[in-house]
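Please treat every number below as a calculation from the coordinates, not as lab data. Values in this document were obtained by computation on a predicted structure and should not be read as measured data. Cβ placement follows ideal geometry from the backbone for every residue including glycine, while neighbour counts extend to all protein chains displayed.
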Amino acid sequence: MSFLRRLHPLDWLAGGLLALGALCVATGLLPTGPASDVLERIGPLVVFLATVIVLAELTGKAEVFDVVATWVARAGRGRYPLLFCLCVLFASVTTITLNLDTTAVLLTPVMLALATRVGIAPVPLAMTTVWLANTASLLLPVSNLTNLLAADRIALTPSEMAATMWAPQLAAIAVTMACLWGFYWRPGRRGETRYTPPPLPRPADPVLFRVSAVACAGFLLAILLADVPLWSASMGAALIVVVAFWVRGREALRLSLIPWRLLVLVPGMFLVVETVNAHGLHDILAAAMGSDNDLVGMLRSAAVGAGFSNVLNNLPAYLAGEAAIPVANHEQLLAQLIGVNVGPVITPWASLATLLWFERCRWHGTRIGLGRFFGTGAVLAVAGTVAATLALAATT
């Protein structure tokens, strides 16, 4: 009973979805064949998710993110416009290279702690983190779990995907910057005119700091240059860091490092949505997106992906939408990927990263007004999705 009392509401949600998914399979609502196909497809995704979160958590404990965030604040030299650009760059690079959930899990507390330390208003930094965790996740397969789900259909290596999605990614980041500055960072919103740069921190254990930094760099080189499968690259990098902590900081190695909630939530969510998809959702999505591979078809696909993501969640939204797009419609599929990556910024449940971000903000004591979150997110979702889709159409 004490264990049950310690469960977070999101734990109950995850467990409930998995139980509901298992019930769908047991009762025959979802045949075992499609259920097995879904679980087989998301297997590498789950392994990657587990290992990259462990890698990111231990890298954070090694103070790599704290040092980089402090460098960013010092490089801003007390000037908010420069700090704004550097924070955008920091959050974008973290999302692109280490996954949007890493940005939500680790960069959020680092940014909030930095805001407290130097007297910066926390909400602009918090919104920079959550918006770019979503909108900066188009460039590489590693950037978003939806990209991993799309890997078989789009059939692009990491370098080929970057060559295809660079323009939509730049467009999405540019629109995000405009919305961030107008809604949260401009002088009338943030209040302060200057800030005091913090002193440069010294990692408590320089060896762990260096090993973790090198492991993250090796992970990126492995997926970008050696074309190593993402799950094996993240597992190898995580093992290196785990061994280093086993030798020098064993107290940090706890079972709580493993994202159990996500590992339960993801399979349950996919089983439930696959069941709904088999009982009419497919036809609705196919009619909404159409079968045209031109600009209109791309815009319809992106809009449906963004809308469905905010109603439910972007991971099952992509999987359901993908099944409704003709196999030959490569551009329409990429546009749908834009919708489920850039669009899920309106509701707190639209992406796992946003759920994780809300939890971190609550833990820190930073209050995010839901009305303002919904309203500003809707502007970004529409403008960012349209701009990125137009950029994709212009460059393909």
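Note on region 14-395: dipole from Cβ charges, positive end direction compared against Asn329, Gly119, Thr135; the farthest Cα belongs to Gly119.
Ordered by packing density, taken as the mean number of other Cβ atoms within 10 Å over each peptide's residues, highest first, how do 377-388, 108-119 rank?
On the way: 377-388: 22.8, 108-119: 19.2.
Highest to lowest by the protection proxy: 377-388, 108-119.
Which net charge results when you count Lys and Arg as +1 and Asp and Glu as -1 among the other residues whose beta-carbon is under 14 Å from that of Ala394?
Values: positive: none; negative: Asp294, Glu331.
Net of charged neighbours comes to -2.
Region 162-227 and region 256-291 have their alpha-carbon centroids 30 Å apart.
When only the Cβ of Lys, Arg, Asp and Glu is charged (+1, +1, -1, -1), the dipole of region 11-166 relative to its Cα centre reaches about 620 debye.
An oblate overall shape is assigned to region 141-283, the ratio a/c of its alpha-carbon gyration tensor axes (a ≥ b ≥ c) being 1.5 or greater and a/b not exceeding b/c.
FRET efficiency for the Leu239 to Leu200 pair, using the beta carbon distance and R₀ = 35 Å, is estimated at 0.70. Are there trypsin sites (Lys or Arg not before Pro) in region 306-396 that DSSP puts in a loop and that have at most 13 other Cβ atoms within 10 Å, and which ones? Passing sites in region 306-396 are Arg367. Once the Cβ-Cβ distance between Ser36 and Trp260 is put in as r, and R0 is 30 Å, what FRET efficiency do you end up with, to the nearest 0.05? The calculated FRET efficiency here is 0.85.
Of all trypsin sites (Lys or Arg not before Pro) in region 229-337, which ones are in loop regions per DSSP and have a Cβ with at most 16 other Cβ atoms within 10 Å? Sparse-neighbourhood loop trypsin sites (Lys or Arg not before Pro): Arg254. Computing FRET efficiency as 1/(1 + (r/R0)^6) for Thr157 and Ala328, where r is the C-beta to C-beta distance and R0 is 30 Å, gives about 0.90. Backbone phi angles across region 16-28, fed through the Karplus curve with coefficients 6.51, -1.76 and 1.60 (θ = phi - 60°), yield HN-Hα couplings of x, 5, 5, 5, 5, x, 5, 5, 4, 5, 5, 8, x Hz in residue order; Gly and Pro are listed as x. Ordering Leu58, Ala306, Ala378 by Cα displacement along the dipole of the chain toward the positive end leaves Leu58 in first place; charges were set at the Cβ atoms of Lys, Arg (+1) and Asp, Glu (-1).
Taking Cα centre as origin and charging only the Cβ of basic (Lys, Arg, +1) and acidic (Asp, Glu, -1) residues, the dipole magnitude of the chain rounds to 1840 debye. Cut-off 10 angstrom, C-alpha nodes, Gaussian network model of the chain. Which of Ala213, Ala56, Ala317 fluctuates the most? Highest fluctuation of the listed residues: Ala213.
Residues considered: Ala233, Ala217, Ala50. Largest GNM mean-square fluctuation over the chain, using C-alpha springs under 10 Å, is found at Ala217. Between the C-alpha center of region 18-67 and that of region 313-364 there is a gap of 16 Å.
Ordering Ala226, Val276, Ala174 by Cα displacement along the dipole of region 14-395 toward the positive end leaves Ala174 in first place; charges were set at the Cβ atoms of Lys, Arg (+1) and Asp, Glu (-1).
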